[in-house]
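Only one structure is covered here, and it is reproduced in the block below.
The values are calculated or read from the model by the stated rules, or taken from the named source; none is laboratory data. Since we're looking at a predicted model, the values are computed, not measured. Here the Cβ positions follow ideal geometry from the backbone for every residue, glycine too, while neighbour counts run over all protein chains shown. Just the protein is used for accessible areas: all its heavy atoms, side chains included, with ligands, DNA and RNA removed. Shrake-Rupley method; radii C 1.70, N 1.55, O 1.52, S 1.80 Å.
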Amino acid sequence: MGERLSFGVDWYPEQWDESTWERDCERMRAQGVSVVRMMEFAWTIVEPEKGRYDFSLFERAVEVAASRGLKVILGTPTATFPAWLLDEGEVLMTSPEGRVRDFGARRMGCYNAPAYREAARKVAAEAAKRLGGHPAVEGWQVDNELGHEGSDRCVCGHCRAAWHAWLERRYGKVEALNAQWGNIFWGTTYGRFDQVPVPRKQVSVGFNPGLLLDYDRFMSDSAAAFVDAQVEALKAAIGPDRYVTTNLYPPPLSNAIDMERLTRDMDFASWDNYPIWGAQDEPFPHHFQAFAQSYVRGLRGSGPFTVMEEFSGIQGHVCLGALPPEGQVALWTVQAVARGANRIVYFRGRTAPYGQEQLCSGLLEADDGETSRSRVLAANAKRAKAELARLASVPFESDACLVYSKDDARVLREQYLSKGLYVKEAEWMQAGYDLELAKWFAPFAAFNVNADVKSAASVDVEKYALVSLPLYQMADPALVARLDAWVRRGGVLVLGYRSGARDLRNWNIAAPLPGLFSELAGVRVPAFESLNLTRTRLRLKGLPALVPAHAEVWADHLEPAGAEPIAWYSGRGKSCRGKPCATVNRVGRGKVFYIGTSPDPAAMFFLYRRILKEAGLSPRFLGKEAEVVERRTDEGARVRIALNHSPRPRRILGRRLPPWGWAVLE
């Protein structure tokens, strides 16, 4: 499917006078661009009236791009819809707060609105029919950032009816639903499925956690059905030599939609890479980006994936933040390739003069003048193609894996346990689970150990020497059994606090904690407490008491039952003081570490240094701003990509790298 490593630009020909198109494409090609994405917000252009399709603007744009040697990715334009669709019945989403979205924003259409779903399927099918056979069109993006900006939850009338039908299919009889949710509690039993409410926000205490979890599953299935219809329509027309994908957005897990299911029938997943956006005063640390990219890579095997929107200049809708150095922006591109991307598409070609994204800078400004960032990124892309193409399309290899549970992510979004897991980044986003998992992924990046991120539903533990399983409350007996056998054969398992606390119904487990993991972990958890936004000191075995390590977020009070304590709470003022907070249990030829708290960076560093060594993974810390990723080339050679995430020169593995510099080490 084309180049081993390609660079592109998000191009919006409809926003510019047609007389500029040829110059735009010539300039992009001269900068090393080989592919452009277009059309993802153009429904009102291609179907100005119901059933009257006019793709002529994009037929001309594709021809201009092709004449300048550019390939094209086309987006199905369904993230916004034309005003005429409002006349077809109720199509607008209703938020859980009861607010009906208005026309004029984006992501306002309800996945369960029949008129919207059918019109979206038809416009996707018509686009594929009209443009799918053009030799310059190499692939398709379905919709845009599905689930973003609160569009993962709707409580409109269509959703209410579809919700009742979904419940009936799932449970068969309402008595089964009542039993599953424990509706005898507070006397909330139902006599019919159509009595079950949609989860609108309540004045005080909300709905049964069973209802909320199932509603998120229902909304995920609704989004998947909306996407599946478009994927089917596209694949029926475009043939097997063109790919279908969709672009996901950060943070990766804080929404109802299961992106693994959403992308199931696609060729690969894509990602929108914005390490800094809006009012942020500094970018996310590089380990968070490593976690997010590893997550996207893990949705469809071991890669490669596409970055469909790569940060190129300062971004925001209403408020801006810090401007990162151009060298750092270029390094984010290299990090994405190092972590498994083989296609980078910069957002966007030119800054829009109008609209909600007029504060989102492109490679060029609205005056069409050249910028230093466009020159820096073009030079970096040229170098990356020369040095990284030989590995970009080779599957990523890892000996370690961080495993997440989508259902636990859904539960913890609402029942977040600790203020330390409540991170309200926006009205519609509670990202505590994402940030906590990124924290547990950070040691792999810090010690330069390749690691995957996989779901509990699909992980193959046999591929790994080490599996980290934080915040795994809703333990699946089948996975626990596989882990048990794997550990006994020599695997190293890391369990986090709250492990095994619930069953698959999301009920508190009817056994001493950590439930199904009790024998494997060799511990009991007779008590626990939330640390919220406080923290308490830790004492780590084999290290001086003065090492400034702390426990945060949560404190399981551990009682060894065969396991060996390796860390203790030592701070004053907490009931956990003096109790073990981390243990190791030898099981067969393997080991199980139980960490009953959220360690701060210092504690995580020392704990994982030991864990990685005992898993045989040769941890090597080269500085907090150094990142090294090992890859295999298409000829089978092993190389290391060294990245300097620092504004200062530094030496990494014997190579002196400039600020924000990188190198491929043979």
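The table below lists the values:
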read-out: Cα-based convex hull volume of the range 383-538 per residue, rounded to whole Å³; value: 169 Å³
read-out: For the range 225-286, Kirkwood radius (reciprocal of mean inverse C-alpha pair distance, Å); value: 13.7 Å
read-out: Those GluC sites (Glu not before Pro) in the range 93-139 that DSSP places in a loop and that have at most 13 other beta carbons within 10 Å; value: GLU97
read-out: For VAL639, solvent-accessible area (1.4 Å; no DNA, RNA or ligand), Å²; value: 0 Å²
read-out: 9 Å beta-carbon shell around SER570, net charge (K/R +1, D/E -1); value: +4
read-out: Fully extended contour minus Cα-Cα distance, from GLU232 to GLN358, at 0.36 nm per residue; value: 41.9 nm
read-out: For LYS591, solvent-accessible area (1.4 Å; no DNA, RNA or ligand), Å²; value: 50 Å²
read-out: Over the chain: helical MRE at 222 nm, DSSP H runs n ≥ 4 each giving -39500 (n - 2.57), nearest 500; value: -9500 deg cm²/dmol
read-out: Loop-resident sites, the range 244-315, for trypsin sites (Lys or Arg not before Pro), counting at most 15 other Cβ within 10 Å (DSSP); value: ARG264
read-out: Placed amide H near ARG650: partners under 5 Å, 5+ positions off or other chain; value: LEU657
read-out: Largest to smallest accessible area among VAL203, VAL36 [probe 1.4 Å]; value: VAL203, VAL36
read-out: Descending Cα extents along the principal axes, the range 555-656, whole Å; value: 52, 38, 18
read-out: Portion, in percent, of the accessible area of the chain that falls on carbon or sulfur, probe 1.4 Å; value: 52 percent
read-out: Scattering curve values for the range 470-553, log₁₀ I(q)/I(0), Debye with Cα scatterers, q = 0.13 Å⁻¹; value: -0.53
read-out: Rg [Å, one decimal], Dmax [Å, integer] - the chain, C-alpha atoms; value: 25.4, 76
read-out: Under Karplus coefficients 6.51, -1.76 and 1.60, residue-wise ³J(HN,Hα) of the range 260-274 in Hz, glycine/proline x; value: 5, 5, 4, 9, 3, 9, 9, 7, 6, 9, 10, 9, 9, 9, 10
read-out: Pairwise label distance in nanometres, PHE103 with VAL639, each label 7 Å out on the Cα-Cβ vector; value: 5.3 nm
read-out: Over the range 315-443, relative contact order from alpha-carbon pairs under 8 Å, at least 6 apart, %; value: 19 percent
read-out: Shape category assigned to the range 198-345 from the gyration tensor of Cα positions, a/c cut at 1.5; value: oblate
read-out: Sequence-separation-based contact order of the chain, relative, with Cα cut under 8 Å and 6+ spacing, percent; value: 10 percent
read-out: Hydrodynamic radius (Kirkwood) for the range 102-149, which is based on Cα pairs only, to one decimal in Å; value: 12.6 Å
read-out: P(r) histogram, all alpha-carbon pairs of the range 590-641 included - 10 Å bins from 0, percent; value: 19, 40, 29, 11, 1
read-out: Chymotrypsin sites (Phe, Trp or Tyr not before Pro) restricted to the range 308-406 and DSSP loop, no more than 15 other C-beta within 10 Å; value: TYR354
read-out: Kirkwood Rh and Cα Rg combined as Rg/Rh, the range 123-228; value: 1.14
read-out: Inter-centroid distance (Cα atoms) of the range 558-629 relative to the range 480-499, Å; value: 15 Å
read-out: Local electrostatic count at ALA510 - Lys and Arg +1, Asp and Glu -1, tallied over other residues with Cβ under 13 Å; value: +1
read-out: At 1.306 mPa s and 10 °C, Stokes diffusion of the range 18-105 via Kirkwood alpha-carbon radius, µm² per second; value: 105 µm²/s
read-out: Where the chain is the region considered: accessible area per residue in Å², 1.4 Å probe; value: 38 Å²
read-out: Over the range 310-455: Kirkwood hydrodynamic radius from C-alpha pairwise inverse distances, Å; value: 18.1 Å
read-out: Surface accessible to a 1.4 Å probe, THR351 within the full protein complex, Å²; value: 10 Å²
read-out: Stokes-Einstein diffusion coefficient of the range 289-380, Kirkwood radius over Cα pairs, 25 °C, 0.890 mPa s, in µm²/s; value: 175 µm²/s
read-out: At q = 0.24, 0.32 Å⁻¹, base-10 log of I(q)/I(0) for the range 52-95 (Debye sum, equal scatterers on each alpha carbon); value: -0.93, -1.19
read-out: Shape of the range 523-574, Cα gyration tensor, a/c cut at 1.5; value: oblate
